[in-house]
1. So which residues in the stretch 74-117 are in contact with a strand residue (DSSP E or B) (Cβ under 7 Å, 6 or more places away or on another chain) and under 26 Å from residue 64 (Cα atoms), if there are any at all?
2. Given the residues 120, 195, 181, 125, which is the only one that is under 28 Å from residue 106 (Cα atoms) and in contact with a strand residue (DSSP E or B) (Cβ under 8 Å, 6 or more places away or on another chain)?
3. Could you list, in sequence order, all residues of the stretch 58-71 that are at negative phi and either within 16 Å of ligand 1 (Cβ to nearest atom) or in contact with a strand residue (DSSP E or B) (Cβ under 8 Å, 6 or more places away or on another chain) (or both)?
4. Scan the stretch 15-35 for residues that are under 18 Å from the mean Cα position of the chain (by Cα), assigned to a strand (DSSP E or B) and closer than 20 Å to residue 75 by Cβ and report the count.
5. Hey, residue 38 hits all of (1) assigned to a helix (DSSP H, G or I); (2) within 12 Å of ligand 1 (Cβ to nearest atom) but one; which does it fall short on?
6. Which residues, taken from the stretch 131-161, are more than 16 Å from ligand 2 (Cβ to nearest atom) and surrounded by fewer than 17 Cβ atoms within 10 Å (Cβ to Cβ)?
7. Can you tell me which residue is farthest from the chain's Cα centre (by Cα) among those in the stretch 99-113 that are within 25 Å of residue 137 (Cβ to Cβ) and within 16 Å of ligand 2 (Cβ to nearest atom)?
8. Given the criterion more than 16 Å from ligand 1 (Cβ to nearest atom), within 17 Å of residue 154 (Cβ to Cβ), in a helix (DSSP H, G or I) and touching a helix residue (DSSP H, G or I) at 6+ places or on another chain (Cβ under 7 Å), identify the matching residue among 102, 75.
Ligand code: ADP
Ligand code: ADP
């Protein structure tokens, strides 16, 4: 029943910083979940471990039931990541970037083209498909990162501070897109340090502080407490 199951997760970086001090966290299938917390709390470390970019020190992580250690390939296939930094080859075109990503995951050409058209259209990038990514505005680059993350049709989409530095109009349209994806059945996890963003979008919320999960509750219950 869980998209994510994290047990006693700890991370100490090689410089001795204890970024995660034992986190227990579950996210249900189909949930829209926010991981909230101040800078340095451990949000990116948690996302890094979920996406296999950071090695955990201790603990257990399952993604749709697949153990991240023992069944890494299956676990990784379940998720798409939208990182904070733009990390595409900006000399490629928008269409190349998304179609190549699909190819990387073994999606056939026909399906890849169909998905590219669907997501680029929904994200208002289809007209820009033949432009090199370096020509896009910051907001368009961010939307391109979202389209790319969806190309292998992951069940779970993880976004790290998706609307940082994005203007309010674009923020609203990104929110709407994510809500529609969630309605279509995708589980979504995002990190943010804006409570309003979490409030707007998410059903459940975890608050992380100094490497510990200090709250894990429904958005409603949290708002009732404030
Ligand atoms: P957040 O995403 O909530 O801002 P991070 O997970 O980035 O928090 O950071 C948690 C802690 O781990 C911070 O003290 C940060 O300085 C430290 N940290 C993050 N990445 C590294 C790294 N690669 N090496 C050493 N320390 C790190
Ligand atoms: P960023 O937008 O993150 O700064 P770049 O546009 O500098 O990224 O580079 C993205 C990718 O393009 C990297 O893999 C880099 O090796 C490659 N790259 C950088 N410069 C060139 C170039 N002049 N011609 C072709 N590829 C390049």
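1. 74, 75, 78, 79, 80, 81, 82, 83, 84
2. It is 181.
3. Across the stretch 58-71, the qualifying residues are 58, 60, 61, 62, 63, 67, 68, 69.
4. 6
5. (1)
6. 153, 155
7. Checking each candidate, the answer is 100.
8. After ruling out the rest, the residue left standing is 102.
The values are calculated or read from the model by the stated rules, or taken from the named source; none is laboratory data. Owing to the predicted nature of the structure, the values given are computational and were not obtained by experimental measurement. Backbone-built Cβ (ideal geometry, glycine too); neighbour counts: all protein chains shown.
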